[in-house]
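The values are calculated or read from the model by the stated rules, or taken from the named source; none is laboratory data. Remember, predicted model here, so these are calculated numbers, not experimental data. Counting neighbours? That spans all protein chains shown, and the Cβs are built from the backbone with ideal geometry, glycine included. Keep in mind that these areas ignore ligands, DNA and RNA; they rest on the heavy atoms of the full protein, side chains included. Shrake-Rupley method; radii C 1.70, N 1.55, O 1.52, S 1.80 Å.
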Amino acid sequence: MEEKKEKIKFGSEIDFGKQIKLIEVDEEMIKELESNNNLFILRGFPSSEAILCDNHHSFQMRMVESTNSLFLFPPSSSSSSSSSSSIESNELIISSSIQCHFELIKNQPRLDILRQLLYNNPLQREGDESKEGKITMKELKERVQASDSQIEKGLKELGAFEYDGFIQVLDEDWEDDIIENLILEVISNDWNFSSVPNNQIISLLDSIASKVAISNALSKLGKRNGDNWILSPKQIAIYKAKKLFKTKQSWVLDDFMNEWASSIPDGSQPSVSMLEGFVVTKKDPNVIEWLPAHTLPFDTRQRMKLLFEKKNFWNTKEIEPYIRYKFIYSMFSHLIVLLLIETSFLLL
C-alpha cells in the first residue's frame with residue numbers, strides 16, 4: 001500500500017478568518033445546496049442580526065468560537081503516479097487560520113416589521129393617490145428577515161394585496177366600515193352567510209369602496225367559492241369582538257360576553273377561545289382586556305416582562321399565543337418551559 005507524507009508550512013500571508021467564513025450545515029441543507037433548486041440569501045441590516053433564508057425557512061446564524069485553531073490550505077496539486085509502494089512527499093501551505101464558525105438554527109421568521117411597514121401607510125378611501133411610503137414586493141423581501149414563502153404567508157394573514165404595483169392593506173377604519181356595511185347587506189337581503197353572491201355584494205357596496213377593497217374585506221371574513229363567498233362565523237365573531245374593544249379596552253367578562261353574543265348576526269355562541277392572542281382574562285375582578293400579540297415588543301424579555309405586568313400567573317395555554325412567534329412548532333412544548341424558567345429569574 002502506498003504511503004504518503006506531507007509537509008505542512010505556514011504561508012507568508014495567512015487569513016485569520018476575514019476572507020473565509022465557515023458555516024456548519026446538516027445533511028438536508030447539503031442536499032439543497034447540491035440540487036441548485038434553492039435560493040440562499042442573507043437578509044438584514046448592519047444594525048440587525050443576520051438571518052439566512054432559503055425558499056422556505058429562516059436560520060439564525062450563531063457564532064461558535066473554538067479554543068483550537070482550524071488550519072485551511074488549498075488542495076494539493078501533486079498526485080501519485082507510481083504504481084509501486086513508495087513514499088511521496090507533498091508540501092501543504094496553510095493559507096487560513098479559523099477559530100470560529102457559524103452554526104445555523106432554524107427559527108421563526110421575523111415578520112413583526114411586516115405589519116409595521118404596511119400599516120404605516122395603508123390604502124385610504126378612494127381619492128388618495130399618494131404613493132409616498134408605499135412599498136413593493138421586492139422592497140419587502142429586502143427588509144423582512146424571512147424566506148419568500150414565509151413572507152407570502154405573513155402577507156396572507158394580514159390580508160395584504162397588490163394594488164397599483166405596491167403591496168398594501170386597507171386603512172383599518174375604512175375596512176371596518178366596509179365589513180359593517182357588508183354584514184348589514186347580507187342580513188337585509190336575507191342571504192345565507194355561507195353563500196354570499198360576489199357580484200351582487202360588490203354592486204351594493206360600490207358607493208363606499210372599490211371592487212379591490214370590497215374583495216379584500218370579504219377575504220378577511222371568509223373564502224371565495226366560485227361566484228359566492230363562504231363567510232366564517234368565527235371571523236365575523238372576532239370582528240364583532242374587536243369592534244366592542246374599540247369602545248373600551250377592558251370589560252367585566254360577563255358584560256362583554258353578553259354584548260358580544262347579542263352583536264353576532266347569525267346567533268352563534270361566541271367563546272373566549274376564539275380570541276386567543278388578542279385578549280387577556282383576569283380574576284379578582286373577573287375582567288377581559290384587549291391585548292393583541294402583534295402590539296407587544298418582539299424582544300422576548302421585554303414581551304415577557306409586559307405580560308407578567310398584566311397578570312402574575314399564566315398557564316401554558318394562555319401564554320402560548322403570545323410567544324409562539326419565537327419557536328419552531330415541533331419544539332414548542334419543550335422551549336416554552338425553558339423560556340418560562342428563564343423569565344422567572346429575569347423578573348425577580
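Filter segment 130-149 down to the residues that are out of contact with any strand residue (DSSP E or B) (no Cβ under 9 Å at 6 or more places or on another chain) and of a type in the set (S, T, N, Q), then identify the one that is most open to solvent (accessible area, probe 1.4 Å).
Ser130
Given (1) in a strand (DSSP E or B); (2) modelled with pLDDT of 95 or more; (3) within 25 Å of the chain's Cα centre (by Cα), where does Lys223 come up short, assuming only one miss?
For Lys223, the failing item is (2).
Mind checking which pairs have a first residue in segment 38-51 that is open to solvent by 40 Å² or more (accessible area, probe 1.4 Å) and a second that is of a type in the set (D, E, K, R) and not in a strand (DSSP E or B), Cβ under 7 Å, 6 or more apart or different chains?
The qualifying pairs are Leu39/Asp54; Phe40/Asp54.
For segment 192-215, enumerate the residues that are assigned to a loop (DSSP other than H, G, I, E, B) and in contact with a helix residue (DSSP H, G or I) (Cβ under 8 Å, 6 or more places away or on another chain).
Listed by number, the residues that qualify are Phe193, Leu205, Asp206, Ile208, Ala209.
Please indicate, with yes or no, whether at least one residue in segment 167-189 is over 14 Å from the mean Cα position of the chain (by Cα), modelled with pLDDT under 90 and over 28 Å from Ser268 (Cα atoms).
Checked against the condition, which is being over 14 Å from the mean Cα position of the chain (by Cα), modelled with pLDDT under 90 and over 28 Å from Ser268 (Cα atoms), segment 167-189 yields no hits at all.
Scan segment 76-129 residue by residue and report those that are in contact with an Asp or Glu (Cβ under 9 Å, 6 or more places away or on another chain), modelled with pLDDT of 60 or more and open to solvent by 60 Å² or more (accessible area, probe 1.4 Å).
Matches in segment 76-129: Glu91, Gln99, Arg110, Gln124, Arg125, Glu129.
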